[in-house]
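Beneath this line is the structure, given in structure tokens, with notes to follow.
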Amino acid sequence: MPWRISDLEAIKRGTYWPNQSHLFTHPFYYIEYNIAQINVFEFYERSKHNYKQTWQDYSNLCKSGGSTNYLNLLKAGNLSNPFTPNTISNICTPIQDELFSLI
């Protein structure tokens, strides 16, 4: 609840301690969440061009869930590896363009 912060000067000085302790106790949760979000964006963009195939790929990913590692799950879902160069930019640029077209 940012509106309840009583010391805005502490924020400006960088001395305010966020109340979200999980940022510090479980940082990999956020890393995992953001990596998964890249895959969601890729599915979203692909679904606009070939919904039927994208749905099939998503179904294949779901069927494989829990049975193998992340990179194999990417293959099952016909998804790009976000750890390779330019992948994040290639996936996020159309999403960003769409977002900016709405404002």
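Residues in region 11-19: is at least one of a type in the set (Lys, Arg), free of Cβ contacts under 8 Å to residues at least 24 places away in the same chain and surrounded by 10 or more Cβ atoms within 10 Å (Cβ to Cβ)? Checked against the condition, which is being of a type in the set (Lys, Arg), free of Cβ contacts under 8 Å to residues at least 24 places away in the same chain and surrounded by 10 or more Cβ atoms within 10 Å (Cβ to Cβ), region 11-19 yields no hits at all. When region 72-89 is filtered for residues that are part of a helix (DSSP H, G or I) and over 16 Å from the mean Cα position of the chain (by Cα), the ones remaining, listed by number, are ASN72, LYS75, ALA76.
The number of residues in region 27-61 being more than 12 Å from the chain's Cα centre (by Cα) and either of a type outside the set (Phe, Trp, Tyr) or exposed (fewer than 12 other Cβ atoms within 10 Å of the Cβ) (or both) comes to 17. Here the condition is being assigned to a helix (DSSP H, G or I), out of contact with any Leu (no Cβ under 9 Å at 6 or more places or on another chain) and farther than 30 Å from LEU23 by Cα; of GLN56, GLN37, GLN96, it holds for GLN56 alone.
Throughout, read-outs are computed from the coordinates displayed, never taken from laboratory work. Please read these numbers as outputs of a predicted model, since none were measured by experiment. Neighbour counts are summed over all protein chains in view; Cβ atoms, including those assigned to glycine, are modelled from backbone coordinates with ideal geometry.
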